[in-house]
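First up is the structure itself, then whatever we jot down about it.
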Amino acid sequence: MRQLTDKRQALPKYTVLDFGSEGSRGYAYTITGESGRGASCIVYQGYYENSLGEKKTVYIKECYPFSLKMSRSSSGELTCEDETAFESHKKRFKDSFSLCNRIFETEGLTNTTSNYMDIHEKNGTLYTVITYRQGQELSLSDERPLKETIRIIKSVAKAILKIHDNGYLYLDTKPDNVFVLDEMNESIQLFDFDSMIPIDARGSMKDYRLSYSRGFAPLEQRKGRLDLISRPTDVYGVGALLFYMVYGRIPEAPDCEPFATYGFDDARYEAWRYRDRLFSNISNFFKKTLAVSIEDRYQTMDPVVDQLALLEKDADLATIFLKDSYYPVRIGIVGRESESEKVCEFIDSHEGCLFVIGMGGIGKSTLVRSCLDRKREDIDTVLYLYFHDSLTETIADDRQLMVNTLERMSEETTEEYFDRKLRTIRRITEDQKVVLVIDNFEGELGEEFAAIREVGWQVIMISRTDLEVEDDLVLYVNAVVVPERKALFERYLARPLEENEKTEFDSLMDHIQGHTLATEIIAKQVKRSLLTLRQAVEITARAGFSKITGDPVAFSRDGVHNHKAVIRILSDIFKADNLNEAERAILQAVSLFDLPGIVKETFVGLSKIPDPSVITDLSLSGWISEDKDILSIHPVIREAMQTWDWHDFSITTTRQMMDGLADGDKRLMLSVLKNVKEHEAPRKNPEYYGLLCDWLKEAPRHEEDFLLSVKDLVDEATGYSDPVKLMNGVDFLCYALEDAREFDDASTVLAIMDDFIREKDDPYLSGLFESMLGQFYDGVLNGAYEVETEEEANLFSAMIEAIERSIAYMGQAAKKATDEKRRFEAGILFIRYRLDYAVMFIRGYEGDKKTAKAIFKDLKSIRNEISAITDSEIAPEHQRKVNEMRIHFLLAWAWYHTMVKGNVGVVSEAIADINAIESPWNTKMDDIDFRIVPCAEMMFLLGLKDKAVDIINEGIAICDEYEGIVPYERKKSELLEHLEDVRTM
Amino acid sequence: MGRYTDSLEEMSYELYPDDEDFEQKLAEVAGQFRPFDVALTDYLVENGMIGETPSADDVIAYITECCKSAGIEPPRHRKKWFSEHKLIGRKTAFELCFAFGLNLEQAEDFFRRVCLERGFDGHDMTEIVYRYAIRKELSYSQAQDILSRIPPIKTENKIGAGEVVYTEMIQAEVDEMDSEEELISYLTEASDGFGYNNATATRFIRSLWNEISKEDGLAAKERRDHHMNYAENTEDYDKGESLMRIRTPKDDSLWEVYLQILGLGYIDTKKIGTDRSLKPILKNKDFMHPLAEDSFPDRDGLNKILNGEHVSHERVRKILILLAFYRYWARLLVETGDYEVKGGELIRCEQTINNYLEDAGYPALYIGNPYDWLILYSLANSEIPLMTFRGFMQELYTRTVEETQ
């Protein structure tokens, strides 16, 4: 949309407005430029010289209405065709100046309103002079943290509160009128007081002009309802200002309704970074400021200021806090009064652990979630976690249990992180009521459970198995009681049962014993006419359900039997439902994501399913849970699907999804990799192995179990993988196997890869393989380079041969490579292998001049190769690898001059060069291991103890930054030992 | 004028669907709405433009004279306004504004109170020019001259992705303009943006409709939790049969949800000789004023708006009001589980509807407008506004069935 042409002519730069020249008091002001325009004025920036001759910057506001036909003469004089209208504008301009002066002089407003120094008449119009302060208007382009934005708006609210206290309404809150001063973020000045009216001016409203800015004025102001305009009108303006800063748009009718909801997906700030209560409190703030009904808004500005102060506190990212978990809640569960009462009583009790036991699909989780929802107001934080692998793993999982400032380091084991996380949580939840729920718990209650209990939160364990519990409360959940089963069924049926349906319903309930999940699924199927009640009765009759009781003895006895019956029923309903290919594909694909599931939008994007409405159909049929856009499948339904065949459409969908996951969320990636691993049909595909190799490259240490289990897939992988990707993936796998001292497995994997490489006849792959082999022998030797046994001698010579072959192959690969990427990678590896080889000999150097000469020759040749690469030639994506290679070379060069030449100057120079290179390492730990430790060692060997101490202290300082993180604490102890050695030797 | 609206407001408080003579009372209210000729006469008298008790001929003569002196051809059917109580179109209404020499505020008021319609539409280039001309006190012929200098006006445009021109933005910009050249240049440059009618309203309608009609939306929840038993008005109820069996929506089709909103979820359209249209039940009812019947929310209009097609302002406004009204009560119903509401909610609902209208550039609810009256009447009946509205619609249906039989 074209902007309107403003034809007003501003005074030119360097115009001097001498207000003192015509006998009146005042300085001569020199205009330095135009600062802005309003409907009634042009604002200039300028300066005057004070009595000491110092230049003082000011704003000068010229009365120059846009709406009037005006012209300016060459001398700057303004004339208007409609003199009366112009005079009336000038009068308002003067009145506004007087009002602004009064406001400015008011206690508490001096710092938050602009200082209108004086008013002068010149050029046929009026000018006001305003004190200049450094700053800018509030704007969306400022990337302020939310906390600062709230603080600014709180300052605005405080200023308006003062205006109210002085008997006026401001009525023009908008970003353009908020000037944020540079000195301090919280310091603001309000601009433009033309809309102000006295609070008690209702009787004489005609004397005031009532205007508004679109988006920042409530209904009563827009409708010109002078009788209704009051303090809450300004309250709306402040709410609208925060809304605008949070969402980047003005509030509209739907945002002002009593039922308005304020989602934060489209906010300018990422909700996940903040504590949950911030956004529920901001929502509440909007409800009480933007409400269309005046009575529903805060009635004065005081609570607005108070609430903004609380929001400011909640938006502080520097404070450590726990994030609430999301858990789906079903509104109004049927029956379960006594069970609900027990769970609620436990939540009220403030201590201990409650075990909720019952068969799968009986409604344990729904019961607990509904109670949490009922008691939500009394709980500070709810942590709802889905058990996976172990309690340690579940607690350590940052996706489920998030502490804003805590993150698992790749160097930490799960156990180490578990301990650290619990310590932190204990510290920050000391005065809080926290309820931790572990859903779907399996396994035993060992030491980790004891550690969890010690935190001091209330724990609810939901499990299918009857756990051996000593002093804690246990609640056995059984089927909904007979009188409530009809209501439960009708709820999902969405209509009352007809008289003629009641006999069949009774038979059905008899067959399934009121099992909750079975009831829900059958009712939904009947509702959607996918199943008749008669068919349901027939299916369930075959299942052979026995009575579900709450008796602990009978529970164990009947549990397995009835669980099988439920699975049989679900399988039969699946058959009767006659799912089409697309529906099966979606169900199978969603089942690959562990609880809490996957965001629908992400799933649709990944799987590229042609018709996403099928998901809704499946949700209405009860097969998929869709809550707040998160898709998941009930564990019992998932179990019933385990025996399904994978048809073409399902395989294609899953392959599509795996392809899309390549750069995706690591947790989703792992969930799919683990689950697809169990199904041959979707697994035997390039997409699975591509994804697996991608994951292996960055496999975190705490996923060691799955990582090591991948060894069983290597043979199969050779049929479906990209050879280079596979080689890189297997390299990481072998490294993990060797690290775990699983040399037999590593050897088996290498044998498979040997066969695979032979077929390829590719020097690059052969080079990679030989390097892996050398690394394997090195691992087996475990540093025993001074061989003592024949076996060690054989291993040593096998290692040397493998390394030499790797160098030879990689040299060939670098020469032969036709594409640039391969040439670069082979070139880098060729240098890297030679450097490693050289360093091995340098470190074992015993004075043999021939070896020294050969090493030096090699190093010089490498130096020439590296020097030939200039920074301008390096593509940005290669910079990191080049940096790493340069550091490796400089280290080798320094080692040579330490061990062979003892040349302090060259070594110091090399270390200085290393320090000047931008760190290519992924972690600070790598920096310590690959740079700090060797450099300190070299200095020590060269007799420069002080320098060695300085370098070690640098490493210790890094460790101190990671206080509480076990690997760094361990590394710090090592460094302290080094320090001691250096000092005492 | 005040007495006229006061009396309508009072009547809305005294009507209850349970009343034995409910239908008769409604007809009385409909009779209270002034036909255009009466409203026009009242307007001229109130503003001192004509003597205290003018005859139809006096008014016609006055209009003729005003038109002639303003250089406007007098409306051809002006006599039929009085003899047949005919309504006038927007073009004629604007001509009258020029003829009477109304200013901007008076013209808006004339549209709202006399024509019972919205004021200027910021998406219509002709109306923008009229707005400018009236603000600058230009003559009708000067306005026509400006119109002849701007590109042809598109009337059929779909709202698609990308930038949409919003009523308020256009009006705000044009209201700041000072010369014809500026206006012509603006309209010429921005002509592609015109033809989009009611963009804000369309966005609101789409969003409201989605919340109401989606799977497990408000309509589905109302059906599920309240079993939507309209049995009181059906023969089936007398037979003791559940109505859910008669009409269980197989899907949330537009027609099904539309009928549900109106409280007609149970109707058998064959009985009233129609298919997917409610025209027969609205027509020729003595308690349904022609202005309420005109552009009454319908399936076709809703469908067109959802598809981004052009429909009349009045149709858009009425649909927006209906959806905002239903959405408000359905949300409350889902929260409280009860159709009965507390007093404070009634004013909130009215303000909410007005906020939607204001944001979309339409006039607020006005008790003198027969369709608005129906909504305000439902709100005035303080306990069950949704059911009151539906009671009215059911009354229309029952009467139609009786007439058909």
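Annotations for the structure displayed:
- Range of Cα positions in region A:768-876 per principal axis (Å), largest first: 50, 30, 22
- Considered as an equivalent ellipsoid built on the Cα gyration tensor, region A:345-459 has semi-axes of 23, 18, 13 Å, the largest given first.
- The distance separating the Cα centre of region A:468-484 from that of region A:664-711 comes to 38 Å.
- With both labels modelled 7 Å from their Cα along Cα-to-Cβ, the A:Asp176 to A:Ala450 distance reads 7.0 nm.
- Cα convex hull of region A:567-647 - mean projected area over all directions, nm²: 4.9 nm²
- Building the convex hull from the alpha-carbon atoms of region A:444-525 and averaging its projection over directions returns 7.8 nm².
- Set the Cα radius of gyration of region B:44-147 against 2.2 N^0.38 Å, with N its number of residues, and you get 1.04.
- Environment charge at B:Trp255 (Cβ cut-off 9 Å; Lys +1, Arg +1, Asp -1, Glu -1): +1
- Couplings 3J(HN,Hα) of region A:891-908, computed from phi: 5, 4, 4, 5, 4, 4, 6, 7, 7, 8, 9, x, 9, 4, x, 5, 4, 4 Hz, in residue order, whole Hz [Karplus 6.51 cos²θ - 1.76 cosθ + 1.60, θ = phi - 60°; x for Gly and Pro].
- As a length-normalised measure over Cα pairs under 8 Å and 6 or more apart, the relative contact order of region B:330-405 settles at 30 percent.
- Each residue of region A:264-305 gets 85 Å³ once the volume of the Cα convex hull is shared out per residue.
- Share of pairwise Cα separations in region A:388-508, more than 22 Å, in percent: 52 percent
- Going by neighbour counts of Cβ atoms within 10 Å, the residues A:Val906, B:Val114, A:Val304, A:Val477 line up, fewest first, as A:Val906, B:Val114, A:Val477, A:Val304.
- Average beta-carbon neighbours from other chains, 10 Å sphere, peptide A:253-263: 6
- Kirkwood-based shape ratio for chain A, expressed as Rg/Rh from alpha carbons: 1.06
- Above-threshold pairs, the threshold being 22 Å between Cα atoms, out of A:Lys147/A:Lys600; A:Lys608/A:Lys666; A:Lys677/A:Lys725; A:Lys342/A:Lys364; A:Lys158/A:Lys313: A:Lys147/A:Lys600
- Relative intensity of region A:540-695 on a log10 scale, I(q)/I(0) at q = 0.11 Å⁻¹, equals -0.47, per a Debye sum over C-alpha point scatterers of equal strength in the absence of solvent.
- Assigned charges on the beta-carbon of Lys, Arg, Asp, Glu; region A:132-187 dipole about Cα centre (debye): 240 debye
- Under the Karplus curve 6.51 cos²θ - 1.76 cosθ + 1.60, θ = phi - 60°, whole-Hz ³J(HN,Hα) for region A:657-671, x wherever Gly or Pro sits: 5, 5, 4, x, 6, 3, 9, x, 4, 4, 5, 5, 4, 5, 4
- Cross-link check: pairs A:Lys174/A:Lys288; B:Lys86/B:Lys283; A:Lys55/A:Lys122 evaluated at a Cα-Cα cut-off of 20 Å; pairs beyond the cut-off: A:Lys55/A:Lys122.
- Sequence-distant residues sharing a close amide H with A:Glu137 (under 5 Å, placed H): A:Val180
- When only Cα pairs below 8 angstrom with a gap of at least 6 residues are kept, chain A shows a relative contact order of 5 percent.
- Spread over its residues, the convex hull of the C-alpha atoms of region A:735-782 is 56 Å³ per residue.
- Residues B:Lys279 and B:Val38, FRET efficiency given R0 of 35 Å [Cβ-Cβ distance, rounded to 0.05]: 0.85
- Likely footprinting exposure, A:Glu257, A:Glu143, fewest C-beta neighbours within 10 Å first: A:Glu143, A:Glu257
- Averaging 1/r over each pair of different alpha-carbon atoms in region A:260-348 and inverting the result gives 16.1 Å, the Kirkwood hydrodynamic radius.
- Across region B:265-405, counting alpha-carbon atoms alone, Rg and Dmax equal 15.4, 45 Å.
- Comparing A:Leu726, A:Ala784, A:Gln812 along the charge dipole axis of region A:715-872, the residue lying farthest to the positive side is A:Gln812, per the Cβ-charge model.
- Assuming charge only on the beta carbon of Lys and Arg (+1) and of Asp and Glu (-1), the dipole of the protein assembly as shown about its Cα centre is about 2980 debye to the nearest 20.
- Label positions at A:Thr818 and B:Leu306, each projected 7 Å from the Cα along the C-beta direction, are separated by 5.8 nm.
- Inter-chain neighbour count for A:488-499: the average number of beta-carbon atoms from partner chains within 10 Å of each residue's beta-carbon is 3.
- With neighbours defined as other Cβ atoms within 10 Å of a residue's Cβ, the residues A:Leu422, A:Leu161 order from fewest to most as A:Leu422, A:Leu161.
- Shielding score for B:358-366, defined as the mean number of other chain Cβ atoms within 10 Å: 2
- Computed over region A:928-970, Kirkwood Rh from alpha-carbon pairs, angstrom: 10.7 Å
- Contact order normalised by residue count of region A:758-855, Cα under 8 Å, 6+ apart, percent: 27 percent
- Of the beta bridges in the protein assembly as shown, as assigned by DSSP with both residues counted there, near 70 percent are antiparallel.
- Net length gained if the chain between A:Leu228 and A:Ser280 were fully extended (0.36 nm per residue, minus Cα distance): 15.8 nm
- Pairwise Cα distances in region A:242-286 exceed 12 Å in 62 percent of cases.
- Candidate lysines - alpha carbon under 17 Å from A:Lys971, same-chain residues fewer than 8 apart omitted: A:Lys924
Values in this text are rule-based calculations from the coordinates and carry no lab data. Just so it is clear, the model here is predicted, and its values are computed rather than measured. Cβ coordinates were reconstructed from backbone atoms using ideal geometry, including for glycine residues, and neighbour counts include every protein chain displayed.
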